[in-house]
Amino acid sequence: MIAASATALIGRTPLVALDRIHRGSGRIVAKAEFMQPGGSVKDRAALAIVEAARSDGRLPPGRTVVEMTSGNMGAGLAVACAALGHPLVVTMSAGNSEARARMLEGLGAEVVLISQVDGVPGRVTGADIAAAAAAARRIAAERGAFYVDQFNAAEPIHAHQFGTGREILDQAGCPIDGWAAAVGTGATFMGVARALKAASAATWCVAVEPQGSAPLGGGRVSKPGHILQGTGYGAVPPHWDAPLMDESMEVSDTEASDWRHRLAAEEGFYVGFSAAANVCAAVRLLESGRLRRDAVVATVLCDTGLKY
Ligand SMILES: Cc1ncc(COP(=O)(O)O)c(C=O)c1O
């Protein structure tokens, strides 16, 4: 079968068992989102927003698209905009890795780097993100462009519910007992949790948060800077649907680094820190004894590690 374009390659990622990293009882199955054209789970969100805006007239053919990104949304948008013929401008905190800006420019986007407010390179805070978002809104207004506004868009949640979530159920072919995912906009966590809980209300859904920056679990934000880039912005996202979360698990920078190394060395998956934090939480959930002995826990390998 011949795919019609890059956008036709978005979604339908493989589901892979992490049987080498977790040899105890139960099983972890992970969506290989790093295999998407833009290299991350955000391709689904980007395409969902762009397609909706094109179909309801908010984004006429050829109009410029503007968004704030930590890198992955920008890459997803760059793929969608290239294939659909829209110029793209992205604003990004200068605290994100340089490789991200290079990748976005390589995909044809105009990248505007915004100085950090209170973070340091490699550790982007909520205030840094707010500054990049304000710049994106200003540029969109100045250029009469379409502002993506991923944190306030509902389409990504639907894309994960009817895409990622349904795919997990179909591919696993068995009930899913647990789900663990880190939260940026929360679209991945919420969309998949909705699909899994609709299939089995008992599915235990774990929101993964950086240690010291866990407002979803009711914690005080004492450490806004962390290495789980793309997630854990120290605030509850606008569309957050709290009853979908059964538990919040905090993962430290050290744990994320260790699991990232293990995923590469023992499974052959060179992925980013949020993916590693997700797997850390999935293992913890299986080891907690909360689920049945042969439980299946689903998670997501959010992005490739090549741009860190
Ligand atoms: C590396 C990485 N992991 C996880 C996420 C979280 O995805 P979501 O916005 O769907 O919560 C993002 C979002 O940008 C990300 O870049």
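The values are calculated or read from the model by the stated rules, or taken from the named source; none is laboratory data. For clarity, every value in this text was computed on a predicted model and none was experimentally measured. When we count neighbours, we look across all protein chains shown, and the Cβ atoms used for this are built from the backbone with ideal geometry, even at glycine.
Might you check whether a residue that is modelled with pLDDT of 95 or more and either among the aromatic types (F, W, Y) or closer than 27 Å to A99 by Cβ (or both) occurs anywhere in the range 188-196?
Yes, the range 188-196 has at least one match.
Look at the range 277-308 and say how many of its residues are within 16 Å of the ligand (Cβ to nearest atom) and hydrophobic (A, V, I, L, M, F, W, C).
Of the residues in the range 277-308, 10 are within 16 Å of the ligand (Cβ to nearest atom) and hydrophobic (A, V, I, L, M, F, W, C).
Does the range 229-247 hold any residues that are under 16 Å from A275 (Cα atoms) and among the small types (G, A, S), and which are they?
Listed by number, the residues that qualify are G230, G232.
Can you confirm whether E250 is touching a strand residue (DSSP E or B) at 6+ places or on another chain (Cβ under 9 Å), more than 13 Å from the ligand (Cβ to nearest atom) and not hydrophobic (A, V, I, L, M, F, W, C)?
Yes, satisfied.
Could you tell me which numbered condition V65 fails, if it satisfies all but one of (1) over 25 Å from K223 (Cβ atoms); (2) touching a Ser or Thr at 6+ places or on another chain (Cβ under 9 Å); (3) crowded, with 24+ Cβ neighbours inside 10 Å?
For V65, the exception is condition (2).
What number of residues in the range 208-224 are under 14 Å from G122 (Cβ atoms) and within 16 Å of the ligand (Cβ to nearest atom)?
The qualifying residues number 1.
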